[in-house]
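Only the coordinates and a few stated rules stand behind these numbers; no lab work does. What you see is a predicted model, and the numbers here were worked out from it, not measured in a lab. Glycine gets a Cβ as well: all are built from the backbone with ideal geometry, and neighbour counts include every protein chain shown.
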Amino acid sequence: MRKILMIITGFIISAFLLSSMSGSKSNFDGKIIFISGNVTINGETAYIDEPVFEKSEIVTGKDSACEIVFNKKNIIHIIENSDIEMDMSGNIKNLNIKSGGGGNVLKNLQHSSSGNADLFRVHTSTAALAVRGTTFFIKVEDNDNTYVCICNGIATLSDSEGSNPVIIKSAHHSDLRFSRTAAGIVYTKAGLLYHDDKSVNLIAAKIGVKINWSKPD
């Protein structure tokens, strides 16, 4: 009888662990589709087709990059020397970019029960973004400067404290640099840097998307 109880207990524990592991992905279905160079996810060497869980930290080394697709029509291209924390567990998806950054094409964000698309938010040391179905590029240049380009779509940008918000509606690249100064964080025009139409189109094509550069999505 004691052996039977131990076996049953073992099955219950195993079932609980499996349930916990499968539940950790919830409504977020992500995986790595491209890797170049040295890339880790949660401290372990990353590999192509590896599942990406809701809460993950992705780090890329020098001359390295990776791409993550989630829910089929969203792609994040992470450039070299990046350290990015993802939290996709709630209705609001979050990226905390400690360094680096990259290009993002978001075309299939989920909708809440109210019918509104879930927000996708990005945070850096000097900037914050809230986007819906938008194509954008972002790079943390250093701890005091963040470059942001709304390549195609609509986004609300602000400083890292959520102050001085500005709504950007862009058909073809609208860029700002958020800089920390003695007077606080300010934003200025920066010009098209680090990316172009070709590089963005290549990222979008990997999820079967063709960007219409004549109007904001």
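With the convex hull drawn around the C-alpha atoms of the stretch 29-205, the volume per residue stands at 112 Å³. The trypsin sites (Lys or Arg not before Pro) of the stretch 63-160 that DSSP puts in a loop, and whose beta carbon has at most 13 other beta carbons within 10 Å, are Lys72. Under a model in which nothing but the beta-carbon of Lys, Arg (+1) and Asp, Glu (-1) is charged, the stretch 29-205 shows a dipole of about 600 debye around its Cα centre.
With the charge dipole of the stretch 29-205 set up from +1 on Lys and Arg Cβ and -1 on Asp and Glu Cβ about the Cα centre, the Cα lying farthest toward the positive end among the listed residues Ala127, Ile168, Pro51 is that of Ile168. Here Tyr47, Tyr194 are placed in order of increasing Cβ neighbour count within 10 Å, fewest first, which gives Tyr47, Tyr194.
Here the spin labels are modelled as points 7 Å beyond Cα on the Cα-Cβ line, and at Ser89 and Thr181 they lie 3.9 nm apart. Here the gap between Lys55 and Asn143, fully extended at 0.36 nm per residue and compared with their Cα-Cα distance, gives a gain of 29.3 nm. Computed extension gain for Lys31 through Lys62, at 0.36 nm per residue and net of the alpha carbon distance, reaches 9.0 nm.
Starting from a Cα-only point model with no solvent, please compute log10 I(q)/I(0) by Debye for the stretch 127-215 at q = 0.17 1/Å. Ignoring solvent entirely, the Cα scatterers give -0.69.
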